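Asker: Before anything else, here's the structure in question.
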Amino acid sequence: MLLRPLTTADRPLLREATLANMNWSGPRYGVADIDEAPELSHYFTGFPGDSDFGFAALVDGAEAGVAWAVLLPASDPGYGFVDAETPELSLTTFQPYRGRGVGTALLDALVQEARRRGLPALSLSVEDANPARRLYERTGFEVVGRNGGSDTMLLHLR
Ligand SMILES: CC(C)(COP(=O)(O)OP(=O)(O)OC[C@H]1O[C@@H](n2cnc3c(N)ncnc32)[C@H](O)[C@@H]1OP(=O)(O)O)[C@@H](O)C(=O)NCCC(=O)NCCS
């Protein structure tokens with residue numbers, strides 16, 4: 001597996017990943033739902049903003065997954081918004097690459113890059129019953145809030 005940094009050209013990939021994240025428990029949303037909801041499309045339409053970053057994982061040259069962090073303002077918060085200094089991460093491994101360590105490698109790379117940038121913390125939102133929670137807990141994320149049927153989790157980096 002190889003990791004490469006995400007660029008503006010990866011917006012379609014992040015759109016696909018946002019759709020996969022919303023459909024983690026089965027098909028609930030279509031691509032039009034993502035495009036038409038600003039609270040979902042802001043995860044990819046402006047990527048990478050000045051403070052945004054992320055990685056794609058390549059397996060045999062194919063994009064197997066992505067992890068990315070966006071810094072959204074309080075006026076346009078993400079589901080895992082904590083404050084305007086804390087980027088929110090998103091993580092997706094595409095089918096059929098799940099369960100092979102791709103998500104773990106991407107999450108580790110994102111956390112390492114956040115540390116390198118001197119960021120204070122990373123946040124995320126995870127819906128109840130999503131098994132991704134175990135991965136986040138193992139990495140050191142802790143629940144700091146609640147938003148609808150999801151927990152907001154935070155990883156302190158300093
Ligand atoms: C969550 C996700 C990113 C994990 O990626 P992955 O590459 O499968 O992860 P890894 O192989 O490194 O394993 C990490 C965990 O995912 C679990 N996992 C493995 N295969 C899986 C699968 N097919 N589906 C869901 N989770 C799986 C593993 O059980 C492991 O957790 P555990 O060891 O505590 O049981 C991936 O399953 C995914 O994209 N799911 C759908 C979108 C999603 O829920 N994103 C997170 C939103 S908060």
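The values are calculated or read from the model by the stated rules, or taken from the named source; none is laboratory data. Because the structure is a prediction, the values reported are computed rather than measured. Ideal geometry is used to build each Cβ from the backbone, glycine not excepted, and the neighbour counts take in all protein chains shown. Protein only, heavy atoms only, side chains kept; ligands, DNA and RNA dropped before computing areas. Shrake-Rupley method; radii C 1.70, N 1.55, O 1.52, S 1.80 Å.
Asker: Does region 72-81 contain at least one residue that is in contact with a strand residue (DSSP E or B) (Cβ under 6 Å, 6 or more places away or on another chain) and of a type in the set (A, V, I, L, M)?
Answerer: no
Asker: Does residue 6 satisfy the condition of being open to solvent by less than 20 Å² (accessible area, probe 1.4 Å), of a type in the set (A, V, I, L, M, F, W, C) and in contact (Cβ under 8 Å) with a residue 60 or more places away in the chain?
Answerer: Judged against the criteria, residue 6 is a match.
Asker: While we're looking at this one, here's another question. Which members of region 17-30 meet the condition of being away from the ligand (no atom under 11 Å from the Cβ) and touching a helix residue (DSSP H, G or I) at 6+ places or on another chain (Cβ under 9 Å)?
Answerer: Across region 17-30, the qualifying residues are 28, 29, 30.
Asker: Moving on. Report, ordered by the first and then the second residue, all pairs with beta carbons closer than 7 Å, sequence separation of six or more or different chains, a first member in region 86-101 that is touching a residue at least 24 places away in the same chain (Cβ under 8 Å) and open to solvent by 40 Å² or more (accessible area, probe 1.4 Å), and a second member that is near the ligand (Cβ under 7 Å from one of its atoms) and not aromatic (Phe, Trp, Tyr).
Answerer: Partner pairs satisfying both residue conditions: 97/65.
Asker: Looking at region 109-147, which of the residues that are under 15 Å from the mean Cα position of the chain (by Cα) and among the small types (Gly, Ala, Ser) is farthest from residue 91 (Cα to Cα)?
Answerer: 121
Asker: Tell me yes or no: at least one residue of region 34-57 is assigned to a helix (DSSP H, G or I) and closer than 16 Å to residue 126 by Cβ.
Answerer: yes
Asker: When you scan region 102-142, how many residues do you find that are within 12 Å of the ligand (Cβ to nearest atom), open to solvent by 20 Å² or more (accessible area, probe 1.4 Å) and not in a helix (DSSP H, G or I)?
Answerer: Adding up the residues that qualify gives 6.
Asker: On the given criteria, is residue 61 open to solvent by 60 Å² or more (accessible area, probe 1.4 Å) and at positive phi?
Answerer: In short, yes.
Asker: Looking at this structure, is residue 149 without any contact (Cβ under 8 Å) to a residue 60 or more places away in the chain, under 23 Å from residue 19 (Cα atoms) and crowded, with 20+ Cβ neighbours inside 10 Å?
Answerer: Judged against the criteria, residue 149 is not a match.
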